[in-house]
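A short worksheet on the structure shown next.
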Amino acid sequence: MTDNNTTQTTVDEILSVDGQNDEDNSKIFEKPWLLEIDNLPDANRIVGRDDKIKSLAKNLRKMRTDEVPDNIVMWGETGTGKTLVARHVCERLEVTTQGTDGSIVTAYVNPDPISTYTSTFRKIAEQVNAKANDPVDVPSLGLSAEHYRNKKLWPIVKKEFPGGLVVIIDEIDKHDEINEILYTLSRAKSKDDVNFPVVTIGISNDIEFKGDIDSRAQSTLQPNHWTFTPYEEDQLVSILDNRRDAFYQEVLENNVISEVAELAADEHGDARRAVRLLRNAGEVADEEGCEIVTADHVSEADELVEVELFMEMVKGTPLSGKLLLFALTRLDRNNSEKEWFRTSEIHRVYQTVAKDVHVEPKGYNRALELLNKHVTTGVLESKKKEGGDDGKFRSYSLQGEVGSTRRGLISSTSELQELMG
């Protein structure tokens with residue numbers, strides 16, 4: 001029989017922060033925030049991107065000298081430093097110009113699956129007003145994109161940041177209305193009668209998306225295209241060494257950083273993955289009550305990283321989209337000799353899964369649309385076959401490891417958690 005008083009006391013002790021700091025509970029981490037993915041590191045912790053940092057700084061400096069800066073689109077695999085470079089230089093630009101007659105403001109937008117043309121300009125207006133001395137209210141609903149720009153954005157920039165505005169748009173390939181957004185920002189002077197510089201920095205992990213920027217947006221934006229190459233293993237070692245002080249001294253076994261760097265180098269030199277893997281290895285050691293992080297902890301953490309990365313990729317995906325992926329993992333597990341599965345096969349299993357979790361299944365055309373969105377985000381790969389006895393059909397294949405995909409789906413979906421017990 002459970003002692004309720006004992007259980008209550010244990011929970012209270014866990015939740016209590018009186019007389020102690022949460023970080024003191026860890027024997028592994030001293031400054032865990034240094035390993036947070038969204039942490040913007042100091043300049044001396046940025047490795048291997050000096051040329052890109054200097055080039056971007058020189059370009060944005062033109063905003064201060066009445067020259068015309070280039071709009072830029074950065075391309076490269078995940079974790080190659082694109083966002084880091086853009087945010088670092090823009091942060092220094094704000095600091096350098098603060099308090100001058102030409103102060104400059106920047107905004108960072110990372111589109112989610114439900115981002116729209118209007119919500120993007122709302123987010124930009126919100127960020128600019130958050131940095132203003134005399135902000136205006138920016139309602140989350142009820143205004144048009146034009147209203148957000150002309151009443152909530154441009155007047156604030158003109159009054160408080162006359163040096164201009166820089167907009168960083170991350171993952172531009174995942175935004176359905178990116179062409180309209182790029183066109184509007186690049187035509188701000190003529191379209192909205194703006195008399196200060198507006199510079200756009202677009203970021204994409206998909207090099208093939210370059211052709212999806214339509215000719216109208218290309219013509220007005222006229223972007224300078226920058227390619228970011230993957231980090232080499234020795235650069236990843238330096239990146240991780242520069243975050244070693246996230247841990248207490250002598251907590252990391254000698255070969256841990258080299259082991260993490262080697263694994264990340266195998267995954268197209270992804271620095272974000274390397275930092276995440278190092279953090280997860282420390283968390284595994286911490287949870288096991290160990291005082292040293294070893295290569296075994298790295299191996300355990302490697303599988304967890306795959307699940308986490310997948311969960312990030314499907315974050316914000318509607319339930320039907322997740323159930324379609326789950327149906328594909330079921331097909332994959334039950335047909336180990338097959339790699340590709342037709343839309344009709346996936347839809348048939350999806351209908352069963354949807355009914356199992358008491359959800360009305362979507363029709364075939366909507367399922368096809370959701371599957372193609374997963375192709376856009378890199379979760380799936382697709383191919384079309386024409387002719388032959390079967391006529392035209394499209395097939396899909398999982399990009400990641402099926403076990404990690406299933407665990408990520410179950411972890412991120414309460415309905416699947418209940419279904420799987």
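The values are calculated or read from the model by the stated rules, or taken from the named source; none is laboratory data. Predicted, not measured: the structure shown is a model, and the values here were computed from it. We place every Cβ from the backbone using ideal geometry, glycine too, and count neighbours over all the protein chains shown. Accessible surface areas use protein heavy atoms only, side chains included; no ligands, DNA or RNA. Shrake-Rupley method; radii C 1.70, N 1.55, O 1.52, S 1.80 Å.
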Residues in region 107-128 that are open to solvent by 10 Å² or more (accessible area, probe 1.4 Å) and either without any contact (Cβ under 8 Å) to a residue 40 or more places away in the chain or not in a loop (DSSP other than H, G, I, E, B) (or both): how many?
8
So which pairs qualify, if the first residue must be in region 179-191 and within 15 Å of residue 118 (Cα to Cα) and open to solvent by 10 Å² or more (accessible area, probe 1.4 Å), the second must be in a helix (DSSP H, G or I) and among the aromatic types (Phe, Trp, Tyr), the Cβ gap must be under 9 Å, and the two must be at least 6 apart or on different chains?
180/117
Within region 221-237, how many residues are part of a helix (DSSP H, G or I) and over 13 Å from residue 47 (Cβ atoms)?
1
Quick one: in region 251-267, which of the residues that are among the acidic types (Asp, Glu) and not in a helix (DSSP H, G or I) is farthest from residue 290 (Cα to Cα)?
267
Given (1) in contact (Cβ under 8 Å) with a residue 24 or more places away in the chain; (2) surrounded by 13 or more Cβ atoms within 10 Å (Cβ to Cβ); (3) among the basic types (Lys, Arg), index of the condition residue 383 fails:
(2)
Give the residues of region 137-162 that are open to solvent by less than 10 Å² (accessible area, probe 1.4 Å) and within 19 Å of residue 65 (Cα to Cα), sorted by residue number.
157
Condition first: at positive phi and not basic (Lys, Arg). Can you find one or more residues in region 114-135 that meet it?
no
So which residues in region 71-106 are surrounded by 22 or more Cβ atoms within 10 Å (Cβ to Cβ), on the phi < 0 side of the Ramachandran plot and assigned to a loop (DSSP other than H, G, I, E, B), if there are any at all?
80
Within region 306-324, tally of residues that are open to solvent by less than 20 Å² (accessible area, probe 1.4 Å), within 18 Å of residue 381 (Cβ to Cβ) and not β-branched (Val, Ile, Thr):
3
Residue pairs meeting the criteria (Cβ under 6 Å; at least 6 apart or on separate chains; first open to solvent by 70 Å² or more (accessible area, probe 1.4 Å), in region 247-258; second among the polar types (S, T, N, Q))
253/294
Quick check on this structure: which one of 327, 354 is under 30 Å from residue 276 (Cβ atoms), open to solvent by less than 70 Å² (accessible area, probe 1.4 Å) and either of a type in the set (A, V, I, L, M) or at pLDDT below 90 (or both)?
327
Residue 219: closer than 30 Å to residue 66 by Cβ and open to solvent by 10 Å² or more (accessible area, probe 1.4 Å), yes or no?
yes
Restricting to region 332-381, name every residue that is in a loop (DSSP other than H, G, I, E, B) and either closer than 23 Å to residue 312 by Cα or among the aliphatic types (A, V, I, L, M) (or both).
357, 359, 377, 378, 379
Options 119, 103, 115: the member that is modelled with pLDDT of 95 or more and of a type in the set (Ser, Thr, Tyr):
103
Criterion (among the charged types (D, E, K, R), within 19 Å of the chain's Cα centre (by Cα), on the phi < 0 side of the Ramachandran plot and open to solvent by 60 Å² or more (accessible area, probe 1.4 Å)) met by exactly one of 267, 291:
267
Just to be sure I understand, how many residues within region 293-310 are part of a helix (DSSP H, G or I), modelled with pLDDT of 85 or more and among the hydrophobic types (A, V, I, L, M, F, W, C)?
3
Inspect all residues belonging to region 193-208 and state whether any of them is surrounded by fewer than 17 Cβ atoms within 10 Å (Cβ to Cβ), farther than 30 Å from residue 27 by Cα and touching a residue at least 24 places away in the same chain (Cβ under 8 Å).
yes
Somewhere in region 365-382, is a residue more than 11 Å from residue 324 (Cβ to Cβ) and modelled with pLDDT of 90 or more?
yes
Residue check, residue 68 crowded, with 19+ Cβ neighbours inside 10 Å and either out of contact with any Gly (no Cβ under 6 Å at 6 or more places or on another chain) or modelled with pLDDT of 90 or more (or both):
no
Going by the structure shown, is residue 394 of a type outside the set (A, V, I, L, M) and touching a residue at least 40 places away in the same chain (Cβ under 8 Å)?
yes
Determine which member of the set 293, 275 is in contact (Cβ under 8 Å) with a residue 24 or more places away in the chain, more than 21 Å from residue 39 (Cα to Cα) and hydrophobic (A, V, I, L, M, F, W, C).
293
